[in-house]
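The values are calculated or read from the model by the stated rules, or taken from the named source; none is laboratory data. Since this is a predicted model, take the numbers as computed values, not measurements. Here the Cβ positions follow ideal geometry from the backbone for every residue, glycine too, while neighbour counts run over all protein chains shown. Note: areas computed on protein heavy atoms with side chains; ligands, DNA, RNA excluded. Shrake-Rupley method; radii C 1.70, N 1.55, O 1.52, S 1.80 Å.
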Amino acid sequence: AGRNPHDAGMKKRALHPLPAWDEEAVYAAFDAEGIKRQHAHTLWQYLAAHPEATTWGDLDWPRLRGLPAFARPLLEARFAVCTTTVDSEERASDGSTTKLVVRLQDGHLVEAVVIHHDGRHTLCASTQVGCQMGCTFCATGTMGMVANLCAGEILEQVHHARARAPVRNFVAMGMGEPLNNYEAVVSAARALVDPRRFNLSPARVTISTVGIVPRMVQLARDEPRVNLALSLHAPTQAQREAIMPAARAYPLPALLGALDEYQALCGGKEVMVEYILLKGVNDSPEDARALGALLGARKAVVNLIPYNETDATPEYARSPREAADAFHRALVEECGVKTYVRRTMGADVASACGQLVKDVRKRGADADIEDLGQGPRSGPRAAHALLRRAAGGDRSGGALGRAAGSARLVPRARTGVALALALIALAPAWLRATDLFPRGLLARHVLRACGGPGGPLSGEEDGVGVLEAAACRTLWAGHGVADSR
C-alpha cells in the first residue's frame with residue numbers, strides 16, 4: 001500500500017485505564033486471562049444500549065448474561081467505560097448543533113459536534129488532537145500535530161453523543177486527518193457498523209481525507225463498506241499547494257489515480273468531493289470549470305462548503321452569495337457535475353461543520369452527506385432485505401415497519417409483496433427526485449394494486465393471508481389511502 005510519510009515520529013500515548021471500547025486492548029486482556037472474546041461483545045452490546053453509563057458502577061452487572069464473574073475485576077482494574085469526560089457543552093441558538101468539548105485522560109481537548117436535523121442526528125468526530133496537514137484555511141491546522149486518539153477514544157465520542165441524541169450518522173470530519181491515524185480510525189469504523197456494537201449502516205459512516213494516497217487505496221481494501229470524502233478544495237496543483245501544504249506530498253495526478261483505484265476496488269462507489277469556497281481564491285466560474293474538467297466522468301458528487309470565518313485564519317473570507325451561485329451554476333449547468341451545497345449550522349458556537357447538505361435540484365429537500373450517492377438498490381434481493389428490516393422493527397421503517405412486522409407471508413406471494421413494499425418505501429425519494437408525480441401518487445397505486453382495499457393481496461377479502469387487514473390499514477393510513485370499506 002506504500003508508506004505514509006506523515007506516520008513517522010508520532011509517539012504512542014500510554015493510557016491507564018484503557019478505554020473499554022478499544023477492541024485490541026480488550027481482546028488482549030481477555031486472551032491473557034483465558035476469557036473467550038465473545039464475552040467482549042456481551043459487554044459492548046450492553047454499553048451500546050446504555051449510553052448513559054459512564055462508569056462501571058452504572059452497569060447492571062447481572063444483566064450481562066454469560067460474562068464470566070472473573071471478567072468484572074479485570075475490567076474494573078484495567079479499563080474504564082469512559083476514559084474521557086465532556087468538559088463543556090454548547091448548543092447553537094437555533095438548536096441545530098451541540099458542540100461537545102471532550103477532555104482526554106491526559107488533559108488534551110478535542111471537539112465533537114452533534115448535528116440535529118428533522119429527527120436525524122449526525123456526529124462529526126475528531127480523530128487527532130491537532131493536525132499536521134497545515135491547511136491554511138482551517139483553525140485546527142494552526143494547532144500543529146499533538147497526538148493521535150486511540151479507537152476507544154474515538155468511540156467514546158459516539159458514546160457521549162448518544163447520551164444526548166440517537167446518532168444515526170458518523171463522519172470523521174472533526175479535528176485531525178483521519179487517514180494519518182489509520183489503524184484507530186478503521187478499528188472505530190468497524191465497531192460502528194458491527195451489529196453487536198453500534199450497528200450503524202455502513203452507508204452512514206464517512207471518513208474524510210485531504211488525500212493521503214496510500215491510505216486511500218488501503219482503505220478500499222480493508223474496509224470498502226464505509227464511505228470516503230475527499231477534501232479537494234482547489235482544481236489545480238498550484239492552488240492546492242497554496243492553501244494545503246500537504247498537497248506537495250501527493251500531487252493531483254497521484255491523488256486522482258488513487259481515487260480511481262479506490263472506486264475500482266469498491267465497485268464504483270460514489271465519492272464525496274469537498275470544496276470550500278474562499279473569496280477570491282478558488283471561487284471563480286473558471287475554477288468551477290477546471291474542477292468539472294478535473295473530475296471528468298468520475299462518479300463523484302461535489303459538496304460546496306461556505307467558509308466559516310474564524311480568528312485563527314483571518315486572511316480568508318466567505319465567498320459572496322453571487323460568486324457561490326455562479327460557481328455552482330458553472331459546475332452543474334456547464335459541466336454536468338452533481339453538486340450539493342452545505343448548510344452552515346452552529347456557527348454561533350463555533351461548531352459549523354455544516355454536515356447537512358441540500359441538493360439544489362431537489363427544492364427544499366435536505367439530506368445527510370452520508371446518504372449521498374447511496375441510490376436505492378433494486379431487485380428481489382434488495383426488496384427482501386428491506387422487508388426483513390421492516391419486519392424486524394427498524395425504527396426507520398415507519399408505517400412500513402409496523403405493517404410488515406404484523407404481516408403473514410406465504411411463499412408464493414413473498415417476492416411480490418417484498419417488491420411492493422420496497423416500492424412504497426422508496427417512492428417518496430423517487431418522487432422528490434423526479435417531480436414526475438404528486439407526492440405519494442405512485443405509492444397509492446402500488447398499494448391499491450398489491451394490498452389496498454379490494455386488491456389481490458389484501459388478505460382479508462381473498463384469504464391469501466399475505467398481509468393481515470390491520471397491517472394493510474396501517475400502510476394505507478401511512479400513505480393517505482382511504483379505506484373504502
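Brief remarks on what is shown
- Here each label is just a point 7 Å from Cα along the line to Cβ, and for Ala14 and Ala317 those points are 5.2 nm apart.
- The mean sequence separation of alpha-carbon pairs under 8 Å and at least six residues apart, normalised by the residue count of region 196-330, gives a relative contact order of 24 percent.
- A straight chain from Lys299 to Ala32 at 0.36 nm per residue would run longer than the Cα-Cα distance by 91.4 nm.
- Surface/4 estimate of mean projected area, convex hull on alpha-carbon atoms of region 132-186, nm²: 4.3
- For Thr85, solvent-accessible area (1.4 Å; no DNA, RNA or ligand), Å²: 80
- Sorting Glu309, Glu89, Glu261 by accessible area puts them as Glu309, Glu89, Glu261; the probe is 1.4 Å, largest comes first, and only protein heavy atoms count.
- Extension gain, Glu241 back to Trp56 (0.36 nm per residue minus Cα-Cα distance, nm): 61.7 nm
- Nonlocal amide H pairs with Ala147, under 5 Å, H built at 1.01 Å: Val129
- Listed pairs Lys12/Lys99; Lys12/Lys269; Lys12/Lys36 exceeding 30 Å between Cα atoms: Lys12/Lys269
- Residue list for region 58-79, given a label point 7 angstrom along the Cα-to-Cβ vector of His39 and an amide N cut-off under 17 Å: 60-79
- Solvent-accessible surface (1.4 Å probe) assigned to Lys279 amounts to roughly 120 Å².
- In Å², nearest 10: area of Trp56 left accessible to a 1.4 Å probe: 30
- More than 16 angstrom apart: percent of Cα pairs within region 236-348: 63
- Using a probe of 1.4 angstrom and keeping all protein chains present, the accessible surface of region 197-329 works out to 38 square angstrom per residue.
- Across all directions, the average flat footprint of the convex hull enclosing the Cα atoms of region 161-245 is 6.4 nm².
- Percent accessible area from carbon and sulfur atoms, region 226-345, protein chains only, probe 1.4 Å: 53
- Heavy-atom accessible area, probed at 1.4 angstrom with all protein chains present, ranks Arg343, Arg215 as Arg343, Arg215, highest first.
- Each Lys or Arg adds one and each Asp or Glu takes one away; over the other residues whose Cβ falls under 14 Å from the Cβ of Glu76, this sums to 0.
- Using a Förster distance of 30 Å, the FRET efficiency for Glu333-Leu265 (Cβ separation, nearest 0.05): 0.40
- When you restrict to C-alpha pairs under 8 Å that are six or more residues apart and normalise by the size of region 165-269, the relative contact order lands at 25 percent.
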